[in-house]
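The values are calculated or read from the model by the stated rules, or taken from the named source; none is laboratory data. Quantities reported herein were computed from a predicted structural model and do not represent experimental measurements. Counting neighbours? That spans all protein chains shown, and the Cβs are built from the backbone with ideal geometry, glycine included. Note: areas computed on protein heavy atoms with side chains; ligands, DNA, RNA excluded. Shrake-Rupley method; radii C 1.70, N 1.55, O 1.52, S 1.80 Å.
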Amino acid sequence: MIGISSVNAQKENKVIDVTKYGAKGDGKTLDTKAIQEAIDAAAKLGNGTKVLVPTNHQYLISTLILKSNIEFHLEGNAQLLVSTKKEDYTVEGSLIANDVENLKISGTGSINGRALEFMTHYDTVKEIWMPKDWRPKLFILTKCNNLEIKDITIEKAPSWSLHMLGCENVLIDGVKIKNNLDVPNCDGIDPDHCRNVEIRNCEISCGDDAIVVKATQQDIDYGPSANIWVHDCILETQDSGVKIGTETTQDIYNIVFERCEIKTSCRGLTIQLRDEGNVYNIVFKDINFTSRYHSNPWWGRGEAISLTAIPRNKDTKIGKIYSVLIENVKGIAENSIRINGTKESRITDIRLQNVNVTLDRWTKYAGNLYDNRPTKAYEEIEAHNTPGIFIRYSDRLVLENCSIAWGNAVPSYFSNAIQAVESTGIEIINFKGESANPAKYKAIDILKL
């Protein structure tokens with residue numbers, strides 16, 4: 001028979017306080033070893049044992065290896081402060097998990113990536129921070145099954161914030177990411193070769209892509225990216241708001257982005273196919289966005305929506321984009337809705353329904369451009385007039401109940417409401433839109449093959 005005192009002791013053992021293992025929490029002493037010992041102790045107990053990182057302290061860390069069957073909990077305003085010394089790290093990241101299951105990361109605390117301390121200087125011409133030779137990712141979570149990340153804050157990431165590679169059965173809920181808008185490569189959330197992922201209720205501000213589904217080149221076969229649901233998020237970025245690619249080395253399919261607000265971006269909704277994988281069964285739904293030009297180093301030229309299938313290199317065997325639905329989407333942008341295949345990879349079976357976009361110009365940067373990067377097979381930055389909707393090398397495309405409007409600043413290179421070349425099977429139902437410059441351009445200009 002177990003006495004009351006024994007039961008209480010068992011309950012108490014389910015929480016392991018990192019300060020009991022020697023973590024100082026003074027923001028100066030490297031607490032990696034102490035916190036790691038607490039993690040290891042919790043992993044031995046398993047069964048969801050909580051590693052408690054107490055509130056009102058700042059813990060200096062380098063690389064922490066998270067384990068299976070634990071909850072890593074940042075209490076209150078507890079903050080993990082990353083070390084800026086490369087020699088403190090054992091790998092290229094701060095919070096690492098490899099081949100674990102039933103891992104939960106929770107709490108209202110934060111991890112501070114100290115981004116600007118990994119930069120050399122701010123380039124006032126390029127309008128971007130220039131990174132040093134080395135900077136860590138904050139989270140690298142690899143082959144995790146049953147992973148939950150809830151409520152934490154990530155701030156000032158010097159590189160990717162939350163990278164999940166080959167993970168399955170993932171919930172990301174209520175995470176806040178507050179990065180510098182002018183630091184390169186500080187992506188928000190990157191599901192990479194991941195399956196069965198839900199990302200919800202997140203608020204993300206970052207320099208690079210806010211939420212981007214990838215299939216990067218890897219030595220190990222982590223499988224496709226599939227069955228990913230992103231919804232009810234608020235996003236702010238100098239790159240794409242919601243995106244697939246550019247790394248598309250395996251198939252990416254069954255992806256839904258819905259009920260998101262993109263406060264600012266360089267592309268609102270994006271699919272960038274550059275590699276051998278196929279991208280299909282994709283839904284963008286109930287999304288509002290703003291997209292604008294930025295300085296030259298930032299990819300994107302203010303495209304409202306951008307679906308492009310362009311070989312990365314001249315010898316790239318490129319996959320296909322097909323079966324994409326874009327529905328109930330509204331925005332303002334400085335550049336076109338662009339559906340742009342190539343002779344190597346035609347885009348097929350695309351449907352835009354209730355898509356309403358206003359094109360205007362309000363930034364200082366040069367216009368009349370499309371951004372094809374990354375590619376060595378085609379011109380990286382292409383001079384091109386700006387129609388409301390541009391279609392090239394595409395087949396079986398439906399536009400239903402869509403509209404294009406023009407704002408107050410209409411430059412001479414703003415052109416047709418719809419312009420299509422090298423395309424077939426375009427069906428237009430109940431479209432509203434006029435030419436931006438009627439003396440130069442028709443409202444709808446579809447060049448027959």
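Computed extension length for residue 116-residue 437: 111.1 nm, one decimal, from 0.36 nm per residue of separation with the Cα-Cα distance subtracted. Between residue 380 and residue 55, full extension at 0.36 nm per residue minus the direct alpha carbon distance yields a gain of 112.1 nm. The convex hull defined by the C-alpha atoms of segment 63-122 has an orientation-averaged projected area of 5.1 nm².
Rounded to a whole number, what % of the accessible area of segment 224-314 do carbon and sulfur atoms account for, probe 1.4 Å? Reported share for carbon and sulfur atoms: 42 percent.
Remark: segment 1-139 carries a charge dipole of roughly 160 debye about the Cα centre, counting +1 on each Lys and Arg Cβ and -1 on each Asp and Glu Cβ. Heavy-atom accessible area with a 1.4 Å probe sorts 380, 400, 87, largest first, into 87, 380, 400. The label-point distance for residue 133 and residue 65, in a model that sets each label 7 Å from Cα toward Cβ, rounds to 2.7 nm. Across all directions, the shadow cast by the convex hull of segment 40-175 built on its C-alpha atoms averages 8.7 square nanometres.
Compared with the dominant principal axis of the Cα atoms in the chain, helix 32-45 is inclined by about 80°.
So if we plug the beta-carbon distance of residue 220 and residue 313 into 1/(1 + (r/R0)^6) with R0 = 22 Å, what FRET efficiency do we get, rounded to 0.05? E(calc), rounded to 0.05, equals 0.45. Here the chain is assigned +1 on the Cβ of each Lys and Arg and -1 on the Cβ of each Asp and Glu. Its dipole about the Cα centre then comes out at about 420 debye. Cross-linked pairs 132/376; 28/67; 150/176: Cα-Cα separations exceed 19 Å for 132/376; 28/67. The residues of the chain present an accessible area of 39 Å² per residue when probed at 1.4 Å with all protein chains retained. For the pair residue 344 and residue 88, a Förster radius of 60 Å applied to the C-beta separation gives a FRET efficiency near 0.85, rounded to the nearest 0.05. With a cut-off of at most 14 other beta carbons within 10 Å, and DSSP calling the residue loop, which trypsin sites (Lys or Arg not before Pro) in segment 281-328 qualify? Please list them. The qualifying sites are 314, 317.
Each semi-axis of the equivalent ellipsoid for segment 233-327 is √(5λ) with λ an eigenvalue of the Cα gyration tensor; in descending order they amount to 22, 17, 9 Å.
Pull up the DSSP beta bridges for segment 1-158 and report the antiparallel fraction as a percent, rounded to 5. Here the antiparallel bridges make up roughly 10 percent for segment 1-158.
Ranking 51, 387, 80 by Cα position along the charge dipole of the chain, where only Lys, Arg, Asp and Glu carry charges on their C-beta atoms, puts 387 farthest toward the positive end.
The sum of -39500 (n - 2.57) across all DSSP H runs of n ≥ 4, divided by the residue count of the chain, sets its helix-only mean residue ellipticity at 222 nm to -1500 deg cm²/dmol.
Taking the DSSP bridge list for the chain and keeping only pairs wholly inside it, about 5 percent are antiparallel. For the chain, the relative contact order is 7 percent, taking Cα pairs closer than 8 Å that sit 6 or more residues apart in sequence and dividing their mean separation by the residue count. Of the trypsin sites (Lys or Arg not before Pro) found in segment 386-449, the ones in coil according to DSSP and having at most 14 other Cβ atoms within 10 Å of their Cβ are 440, 442, 448. Here each label is just a point 7 Å from Cα along the line to Cβ, and for residue 201 and residue 362 those points are 3.1 nm apart. Each DSSP beta bridge with both residues in segment 348-449 is either parallel or antiparallel, and the antiparallel ones are about 10%.
For segment 253-403, the Cβ-based charge dipole about the Cα centre amounts to some 200 debye (Lys, Arg positive; Asp, Glu negative; other atoms uncharged). Modelled spin-label separation between residue 412 and residue 446, with each label point placed 7 Å from Cα along the Cα-to-Cβ direction: 3.0 nm.
Pairs of lysines in segment 251-343 whose Cα atoms sit within less than 28 Å of one another amount to 8, provided the residues are eight or more positions apart or on different chains.
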